[in-house]
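Take a look at the structure set out below.
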Amino acid sequence: MKWLFELKQISADVEFFPPGSPVVIAEAERALGNLPGEIKDLLARSNGLVCRSFRLFSAFDSEQPRKTWESLQRANDPSKTQALGGDRELLARFLIFADIGAGVAVWDRTQGSIWFEETRDDQLRQTFFTLRDFVETMVRNAE
């Protein structure tokens, strides 16, 4: 996952967060079920990141609540999210993992693919990006 820290070459506006501890990541998995391996690896290196309108959600860390408030746990809580219509079945299948400025990105737990939903559009659209390609594209295009 060396590519992660090369994002600064794409945009100087990328802000990395401190690495997520194994305990913090395990707490997220207790709340959300198993996280995709790539996302766990990313959180272990940078517990979320921000670049202008793009945010890769963190695993909530009670030691750093301000940095991690906009967390995977909060984004996937049906009582707090408007994404996926707060539908529990969709939230079981898809993990909301990023705010893309005008919507959210979700990981399909059944197919291992990345989808997105734009604000005010209840249709999910599948991408064929790898996590790396997705993050690099979002950093390039963040407003």
(Q) For a quick check: sort Ser62, Ser71, Ser53 by the number of other beta carbons within 10 angstrom, fewest at the front. (A) Ser62, Ser53, Ser71
Q: Please give the length that would be gained between Ala44 and Asp122 if that part of the chain were fully extended, namely 0.36 nm times their separation in residues minus their C-alpha to C-alpha distance (nm, one decimal).
A: 24.9 nm
Q. Please state the relative contact order of the range 14-141 as a whole percent: Cα pairs under 8 Å, 6+ residues apart?
A. 17
**Q.** Cut-off under 5 Å, modelled amide H: who pairs with Ser58 long-range
**A.** Leu72
Q: Let me know the charge dipole size of the chain about its Cα centre in debye, to the nearest 20, where only the beta-carbon of Lys, Arg (+1) and Asp, Glu (-1) is charged.
A: 200
Q: Order the peptides 42-52, 2-12 from the highest to the lowest mean number of other Cβ atoms within 10 Å of their residues.
A: 42-52, 2-12
Q. Order of Glu136, Glu118 from fewest to most other C-beta atoms within 10 Å?
A. Glu118, Glu136
Q. In the range 14-141, with Lys and Arg counted as +1 and Asp and Glu as -1 at Cβ, which of these residues, Leu84, Ser113, Thr130, has the Cα nearest the positive end of the dipole, that is, farthest along it?
A. Thr130
Q. Could you put Glu143, Glu15 in order, starting from the residue whose Cβ has the fewest other Cβ atoms within 10 Å?
A. Glu143, Glu15
Q: With only Lys, Arg, Asp and Glu charged, each at its Cβ (+1 for the first two, -1 for the last two), find how big the charge dipole of the range 1-76 is about the Cα centre; round to the nearest 20 debye.
A: 120
Q. Between Thr81 and Asn141, what length comes free when the chain is fully extended (0.36 nm per residue of separation minus the Cα-Cα distance, one decimal in nm)?
A. 19.2 nm
Q | For the range 85-97, Karplus couplings with θ = phi - 60° (6.51, -1.76, 1.60), whole Hz, Gly/Pro x | A | x, x, 5, 4, 5, 5, 5, 6, 7, 10, 9, 6, 10
Q. Once the piece of chain linking Ala31 and Ala12 is laid out straight, how much longer is it, given 0.36 nm per residue of separation minus the C-alpha distance between them?
A. 3.5 nm
Q. Thr130 to Ser62: FRET efficiency via 1/(1 + (r/R0)^6), r the Cβ-Cβ distance, R0 30 Å, to the nearest 0.05?
A. 0.40
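Any read-out appearing in this document is the output of simple, stated calculations on the displayed coordinates, not a laboratory observation. A quick note: this is a predicted structure, and the numbers were derived from the prediction, not measured. We place every Cβ from the backbone using ideal geometry, glycine too, and count neighbours over all the protein chains shown.
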